[in-house]
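Reviewing the structure listed below.
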Amino acid sequence: NLRLAPGQYVVHVAFGRAQATDTLEVREGQNSKAMVLDAGAMRLNAAVTGDVSIPINLLRFDIFNSGSENNRTLVAQNMSANDIVTLNAGTYHVVSYFGDVNAVVRADLRVEPGELTDATLYHRAAQISFKLVTEEGGEAIADVEWTVKTSSGETIFTNIGAFPATVLAEGDYLVLAKRGDTVFNREFEVTPGQGKEIEVLTTVY
């Protein structure tokens, strides 16, 4: 309840990220205004194909208004799994990020008025760790410079250490392990599922 001088006004109402705007004409005496917010909600989660769970710290979501790829507006950014966001009813473009490299899934989802859209997106990816060893199953060698390249030669991950780890989308890769002036390498394949450790042998160049 508030006092307003007679005249024309604009009323804006927001609930979460859902919002509506309407005009209001105030006359002498008592006035009232009812607005219906055409809103629903969305809750997102993701897993690896095969229902392998993803650690919550490696998962985030962005939500965009639906439209052409060059004409989308960001609605919500860096949402965590199971966060509930209130949105105007409509279709939205959702992007799920598993890790920080190339495991990305997109989907268009519909929000209905007064309803919760509960969706799980599935990644074809896996967590991958690396270690440089002198023999299979051996102790990891420290102070190694790591580089991971795609089959097309694009560098997508670099790190220095004994046990680097990342998330990679399904596909073929080449890992390079540099220690001093010597570079060791290994080709490997990522398939969706549980995490996998890649050993690079110092006896193989």
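The values are calculated or read from the model by the stated rules, or taken from the named source; none is laboratory data. Worth saying up front: this structure is predicted, and the values here are computed from it rather than measured. Using ideal geometry, Cβ is built from the backbone for each residue, glycine included, and neighbour counts are taken over all protein chains shown. Side chains are part of the model used for accessible areas, which takes the heavy atoms of the whole protein and leaves out ligands, DNA and RNA. Shrake-Rupley method; radii C 1.70, N 1.55, O 1.52, S 1.80 Å.
Roughly how many debye, to the nearest 20, is the charge dipole of the chain about its Cα centre, given +1 on each Lys and Arg Cβ, -1 on each Asp and Glu Cβ, and no other charges?
Values: 16 positive and 26 negative charges, 149 e Å.
Dipole magnitude for the chain comes out near 720 debye.
Among residues other than V11 whose Cβ falls under 12 Å from its Cβ, what is the net charge (Lys/Arg +1, Asp/Glu -1)?
Numbers: positive: K33; negative: D22, E25.
After counting each charged neighbour, the total is -1.
Please give the net charge around I84, taking every other residue with its beta carbon less than 10 angstrom from that of I84, where Lys and Arg add +1 and Asp and Glu add -1.
On the way: positive: R43; negative: D83, D118.
Here the charged neighbours net out to -1.
If you plug each phi of the stretch 170-176 into the Karplus form 6.51 cos²θ - 1.76 cosθ + 1.60 with θ = phi - 60°, what whole-Hz ³J(HN,Hα) values come out, in order, with x for Gly and Pro?
Whole-Hz 3J(HN,Hα) from phi for the stretch 170-176: 3, x, 9, 9, 10, 10, 10.
When ligands, DNA and RNA are left out and all protein chains stay put, how many square angstrom of accessible area per residue does the stretch 136-205 have with a 1.4 Å probe? Present the calculation step by step, with values, prior to reporting the outcome.
Details: 4090 Å² over 70 residues.
Here the residues of the stretch 136-205 average 58 Å² of exposed surface.
Search the structure for amide H atoms under 5 Å from the amide H of N102, placed 1.01 Å from N in the peptide plane, and list their residues when 5 or more places away or on another chain.
Amide H neighbours of N102, under 5 Å, 5+ apart: A169.
Straight-line reach from K33: which aspartates and glutamates fall under 18 Å, measuring Cα to Cα and dropping same-chain residues less than 8 apart?
Answer for K33, where 18 Å is the Cα cut-off: D22, E25, listed by chain and number.
Run the numbers for S53 and R27: contour at 0.36 nm per residue of separation, minus the present Cα-Cα distance, in nm. Please report the intermediate quantities before stating the final value.
Numbers: separation 26, 0.36 × 26 = 9.36 nm, distance 5.86 nm.
Residue separation times 0.36 nm, minus the Cα-Cα distance, leaves 3.5 nm.
Could you list which residues have their amide H under 5 Å from that of A46, counting only those 5 or more apart in sequence or on another chain, with H placed in the peptide plane?
Counting only residues 5 or more places away or on other chains, the set is L121.
Can you match Rg and Dmax of the Cα atoms in Å to one of these, (i) 17.4, 53; (ii) 25.3, 90; (iii) 23.3, 84, based on a calculation from the structure here?
Only one listed value fits the structure, namely (ii).
HN-Hα J couplings of the stretch 60-71 from phi, Karplus 6.51/-1.76/1.60, θ = phi - 60°, integer Hz, Gly and Pro as x?
Each residue's phi maps through the Karplus curve to give 8, 9, 10, 10, 10, 5, 5, x, 5, 4, 8, 10 Hz.
Return one whole number: the accessible area per residue of the stretch 1-116 in Å², for a 1.4 Å probe. Present the calculation step by step, with values, prior to reporting the outcome.
Working: 7270 Å² over 116 residues.
Accessible area per residue: 63 Å².
How many percent of the accessible area of the chain is carbon or sulfur, using a 1.4 Å probe?
On the way: 5250 of 12140 Å².
Roughly 43 percent, rounded to a whole number.
Listed highest first by mean packing, meaning other Cβ atoms within 10 Å per residue, what order do 104-110, 136-142 come in? Before the final figure, lay out each step's value.
Values: 104-110: 14.3, 136-142: 11.6.
Packing proxy ranking, top to bottom: 104-110, 136-142.
Within the set of other residues whose C-beta is less than 12 Å from the C-beta of T202, count the net charge using Lys and Arg as +1 and Asp and Glu as -1.
Numbers: positive: K131, K178, R179, R186; negative: E135, E136, E139, E199.
Every neighbour counted, the sum reads 0.
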